[in-house]
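The values are calculated or read from the model by the stated rules, or taken from the named source; none is laboratory data. This is a predicted model, so every value here is computed, not measured. We place every Cβ from the backbone using ideal geometry, glycine too, and count neighbours over all the protein chains shown.
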Amino acid sequence: MKAIQNSPLIVDQLSMRYQYKPVLTDVSFQIPEGKTIAVVGPNGAGKSTLLKGIMGLEPTMSGSIKFFGQPLDQKRLAVAYVPQREESDWDFPINVMDVVLMGRHGQLKFWQRPSAQDILIAEQALEQVSMLDFKSRQINQLSGGQQQRVFLARALAQKASLYLMDEPFAGVDVTTEKAIVELFETLKTQNKTIVCVHHDLNTVSEYFDWVLLINARLIAAGPVNEVLTPENLNKTYGGRLSLLNEMTEKLYRSNIDRVHDNG
Amino acid sequence: MGDFVAYNPSYWALFVEFWQLNDPNAVWVLIGSALLGLSASVIGGFAFLRKRSLMGDALAHAALPGVMTAFILFHANTPILMFLGAVSSSFLGLFLMDWLPKNTKIKPDAAMAITLSFFFALGLMELSYIQGLEVAGKSGLDKILFGQAAAMLPHDIYLLSIVAIIVLIMVALFFQKFRLIAFNRSYAKSIGLNIPFYEVLLALLIVMSVVIGLQIVGVVLMAAVLLTPVAAARFWNQNLPGMLMTAGGIGAISGVLSANVSYMAPAMPTGPWMVVMLFILFVISFLFAPRKGLLSNLAQQRQLRRHVCDENVLRTFYILNERHPVNDKKEHSAIDLGLAFGEEAILAVRGIAIGKLKQTLQRLEQKGLLSRTHDTDGWRLTEMGMFAAMTLTRRHRLWESYLTEQLDMDVNKVHHYAEQIEHLLTDEETLQIEQALAQQGALRDPHGRKIPDSRNHPIQDEVAK
């Protein structure tokens, strides 16, 4: 693969497992700056796991991940992650503003509270997703789409350069879908990069510039018009790689990596 | 304080004596209990929100062998020694509860149960061994099973107060981060928060609160003080800071009341009293809290039922008017909605208990939506009533059209849904439905009846006020 100048994210030979079950095997790719990139694949293909692995939220077996050429800990402030909406407790006693302010905590010392400046940034972020009117609302009174926009605002408040989003379009209303697409455009004009797990094949070419096709391994990566071919889609959504998965699971179960030398 | 006041029939006299606050020892116990209730409830709030409610219970039980081991090793029961012993064995329990699920096939709930019972059993064995020893100071040790506030000495309370205040200061200092982790752990990790540090800190604060509660509440019941206040506070508050303050207040009140009881009957264990009082406060919250309490919910439901009943009767008036021969074959703009109808006519169209109907009619008259016709003993819509009836009918029929046209639902099944939605739609939502319908301002519903147009009605501005 030819190197991309200034790639915001380079993943090299990433493998992940859940207990002994291999989820992703040997995934390598680089993405260009200032583009929207969809991560596409069937259910259980490891799309969310890939994002979590990249963000260091789930342990990886092997592989390296570079953000703007450096490990995550050195580029933390340049990266914002939007978790799946369903993973949070929306009954939690907190209002919209306080959730968005969480986006500022990466920059605050452990005893610090958000300043007036942070509040201003959070308000701008809410404005960007048309949720400013809801800032004092309890989160349990929001619709699914509004919840999603609050999570996006929280990521915006981080003022990052690379955004990793886990299924922001899942189960949202038309207004929210439009708001997200507009947000993508705004972020792109600021040369920001968006990587987004996406489940709707019909809208991939409309909303995204690039696509990563994933099914337990990387099938293809590149501009949408080059990669989204019937042949690639067939590979992605066609039969499972049972032999690879079975053999890799056997490998993991044996714990052979503990006794085998790395030669 | 000896056992000589264990039986005293004059509880009232003791009650008064306690609240005169002349006995310095009693005042100390009062302050200690209140502080303990306050700090344990506040820190317990985080355990509750992280869905780790039972952790406090396990940690309290795990503290027992620490206290006993410290006594066996040093043959002394100074508060700081007991405290350190309890904290270390609680932490050992915490480590075991954390390690087992990560490294074996045992799930977290089983790990907690195993740890809790093992540590508790170990503590009880040591306690019975100590009872057989000829050592001074062993008499107070069995009190930590169920707590005995009255047995506490001033230096116990100094330590308790200092620890409680430290816990409260730490919560105030780290509130934002604790809340962030409790709400969305993976996100907190993604922005680079040092999760292990905050988790150990939170665990330490919980352990400290549990340990200082041992003498007042006891090992067995300590979990209730961590969790009941915040469970009660959820009924009163929507936002976390307010909720923790309410929980702290509830905890402090229960502490004060138990100190009072312990003064009146010093031989009685305080823990059960404290927990029973907390439960009473919980039940009060559950019943009487505004908005979320049971009574408030019932009142809201009653209000809604009346509202629906009112609207149903108004709609019935519209239908009666529409079906009347006078209006036959008229354009809908020309329909006369001012005809009068008696109760029997209403009952013929809508099934409703006669008593309820009478009440509803009176209520609508009070609201100025209906007026009584004195000559025929009937009722007719006022101008405002006409507008309301038209609006409701419009919503009902628009929704029926929407369901059949856009969702291809069976014409015979849509009435049922429209019957419910008409009470809930706002003007804005009605507009959205109009826009979604193929033909703007559809004139007829799927049953072929006219959809009244209440837009631009002269009365609208008046109603809007």
> Residue check, A:ILE119 against (1) closer than 20 Å to A:PRO168 by Cα; (2) at pLDDT 95 or above, all met but one. Which one?
Replying inline: (1)
>> Please verify whether B:ALA267 is modelled with pLDDT of 95 or more and closer than 30 Å to B:LYS138 by Cα, treating the condition exactly as stated.
In response: no
> Tell me, which helices (runs of 4 or more DSSP H) lie completely within region B:88-191 with 2 or more residues that are assigned by TED's automatic domain parsing to the domain that holds B:ALA63, aromatic (Phe, Trp, Tyr) and surrounded by 22 or more Cβ atoms within 10 Å (Cβ to Cβ)?
Replying inline: B:154-183
> Quick one: in region B:419-435, which of the residues that are among the aliphatic types (A, V, I, L, M) and not in a helix (DSSP H, G or I) is surrounded by the fewest Cβ atoms within 10 Å (Cβ to Cβ)?
Replying inline: B:LEU424
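Residue by residue, here is whether (1) touching a Ser or Thr at 6+ places or on another chain (Cβ under 7 Å); (2) crowded, with 17+ Cβ neighbours inside 10 Å holds:
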residue	(1), (2)
A:ALA3	no, no
A:PRO8	yes, yes
A:VAL27	no, yes
A:ALA45	no, yes
A:SER48	no, yes
A:LEU51	no, yes
A:MET55	yes, yes
A:GLU58	yes, yes
> Here are B:VAL210, B:VAL200, B:VAL283: which of them is among the β-branched types (Val, Ile, Thr) and crowded, with 20+ Cβ neighbours inside 10 Å?
Replying inline: B:VAL210
>> I'd like the residue in region B:66-84 that is of a type in the set (Val, Ile, Thr) and within 14 Å of B:LEU133 (Cα to Cα) and, out of all such residues, is modelled with the lowest pLDDT.
In response: B:ILE72
>> Can you confirm whether B:GLN238 is in a loop (DSSP other than H, G, I, E, B), in the same structural domain as B:VAL171 (by TED's automatic domain parsing) and surrounded by fewer than 22 Cβ atoms within 10 Å (Cβ to Cβ)?
In response: yes
> If you scan region A:196-220, which residues turn out to be of a type in the set (A, V, I, L, M, F, W, C) and farther than 24 Å from A:LYS21 by Cβ?
Replying inline: A:CYS196, A:LEU201, A:VAL204, A:PHE208, A:TRP210, A:VAL211
>> Quick check on region A:167-188. Is at least one of its residues within 13 Å of chain B (Cβ to nearest Cβ), out of contact with any helix residue (DSSP H, G or I) (no Cβ under 8 Å at 6 or more places or on another chain), among the charged types (D, E, K, R) and more than 17 Å from A:THR36 (Cβ to Cβ)?
In response: no
>> Please go through region A:102-134 and give me each residue that is of a type in the set (A, V, I, L, M, F, W, C), part of a helix (DSSP H, G or I) and at the interface with another protein chain (Cβ under 8 Å from one of its Cβ atoms), ordered by number.
In response: A:MET102
> Filter region B:341-368 for residues that are outside any helix (DSSP H, G or I) and touching a residue at least 40 places away in the same chain (Cβ under 8 Å); which is nearest to B:ALA388 (Cα to Cα)?
Replying inline: B:LYS367
>> Looking at region A:77-88 only, could you name the residues that are more than 7 Å from chain B (Cβ to nearest Cβ) and part of a loop (DSSP other than H, G, I, E, B)?
In response: A:GLN84
>> Of the conditions (1) within 12 Å of another protein chain (Cβ to nearest Cβ); (2) outside any helix (DSSP H, G or I); (3) surrounded by fewer than 22 Cβ atoms within 10 Å (Cβ to Cβ), A:LYS66 satisfies every one except a single condition; which number is it?
In response: (1)
> When you look at B:VAL220, is it more than 10 Å from chain A (Cβ to nearest Cβ) and assigned to a loop (DSSP other than H, G, I, E, B), yes or no?
Replying inline: yes
>> So, in region B:369-418, how many residues would count as being part of a strand (DSSP E or B) and touching a helix residue (DSSP H, G or I) at 6+ places or on another chain (Cβ under 7 Å)?
In response: 5
> Here are some residues: A:LEU164, A:LEU243, A:LEU228, A:LEU187. Which one is loosely packed, with under 15 Cβ neighbours inside 10 Å and either of a type outside the set (Lys, Arg) or at pLDDT below 90 (or both)?
Replying inline: A:LEU243
>> For the list (1) surrounded by 19 or more Cβ atoms within 10 Å (Cβ to Cβ); (2) of a type in the set (Lys, Arg); (3) closer than 28 Å to A:ASN6 by Cβ, I need the number of the one condition that A:ARG149 fails.
In response: (3)
>> Conditions first: (1) of a type outside the set (Gly, Ala, Ser); (2) within 14 Å of chain B (Cβ to nearest Cβ); (3) in contact (Cβ under 8 Å) with a residue 24 or more places away in the chain. A:LEU14 passes all but one, so which condition is the exception?
In response: (2)
> Only one of (1) within 19 Å of A:ARG85 (Cα to Cα); (2) not in a loop (DSSP other than H, G, I, E, B) is not met by A:GLU182, so which one is it?
Replying inline: (1)
>> Looking at A:LEU120 and the list (1) more than 24 Å from A:LEU77 (Cα to Cα); (2) more than 19 Å from the chain's Cα centre (by Cα), which single condition is not satisfied?
In response: (1)
